[in-house]
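Worksheet for the structure shown next.
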Amino acid sequence: MLAKSYRLESVGEIGILELLDRTLVEAASLQELGVAIRRLIAKGTHHILLIDFANVAFLGSAALGILVSLRQEMEYQKGRIEICGMRKELLQILRFSQLDRLFVLYENREAALKVLQEGSVPIGT
């Protein structure tokens, strides 16, 4: 078993999933991470899963595929995935692949929590 690559924190109905790996490219790590997140989603504890990418410097295309798959599973559970803390380089990858249209993006965790806890819609996502 690989070392745990995330930390989960709950703030009300919001689950904050902090990714701990610097790179998200290794197949075994990605598969394990995907399984762990799917288990969290299946529990239905959180209506919003905020994924914090602040520690991530690089992600591969497989990670993007998992992210889209997780989004679909969360929608099936009547929830949503939102993203915070992505570096400019990673945001460019999301925009280039047009995945920025699928996720609400926040500059950092604090900005995301402020909006999510107020229940308002972010501007300029």
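The values are calculated or read from the model by the stated rules, or taken from the named source; none is laboratory data. Since this is a predicted model, take the numbers as computed values, not measurements. FYI the Cβ positions are ideal-geometry reconstructions off the backbone, even for glycines, and counts take in every protein chain you see.
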Scanning segment 1-55 residue by residue, the ones that are closer than 19 Å to Leu116 by Cβ, among the acidic types (Asp, Glu) and touching a residue at least 24 places away in the same chain (Cβ under 8 Å) total 3
In segment 1-41, anything part of a loop (DSSP other than H, G, I, E, B) and hydroxyl-bearing (Ser, Thr, Tyr) is listed as Ser5
When segment 65-88 is checked residue by residue, the ones that are surrounded by fewer than 16 Cβ atoms within 10 Å (Cβ to Cβ) and closer than 19 Å to Glu26 by Cα are Gly65, Val68, Ser69
request  = Could you please let me know if Ala27 is farther than 15 Å from Ile81 by Cβ, modelled with pLDDT of 90 or more and of a type in the set (A, V, I, L, M, F, W, C)?
outcome  = no
Across segment 69-111, the tally of residues that are assigned to a loop (DSSP other than H, G, I, E, B) and touching a Phe, Trp or Tyr at 6+ places or on another chain (Cβ under 9 Å) stands at 3
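Pull up segment 1-58, narrow it to residues that are of a type in the set (Asp, Glu) and in contact with an Asp or Glu (Cβ under 8 Å, 6 or more places away or on another chain), then point me to the one that is surrounded by the fewest Cβ atoms within 10 Å (Cβ to Cβ). Before the answer, list the steps.
So in segment 1-58, the residues of a type in the set (Asp, Glu) come out as 9, 13, 18, 21, 26, 32, 52.
If we keep only those that are in contact with an Asp or Glu (Cβ under 8 Å, 6 or more places away or on another chain) too, we end up with 9, 18, 52.
On the way: Glu9: 12, Glu18: 19, Asp52: 22.
In this case the residue turns out to be Glu9.
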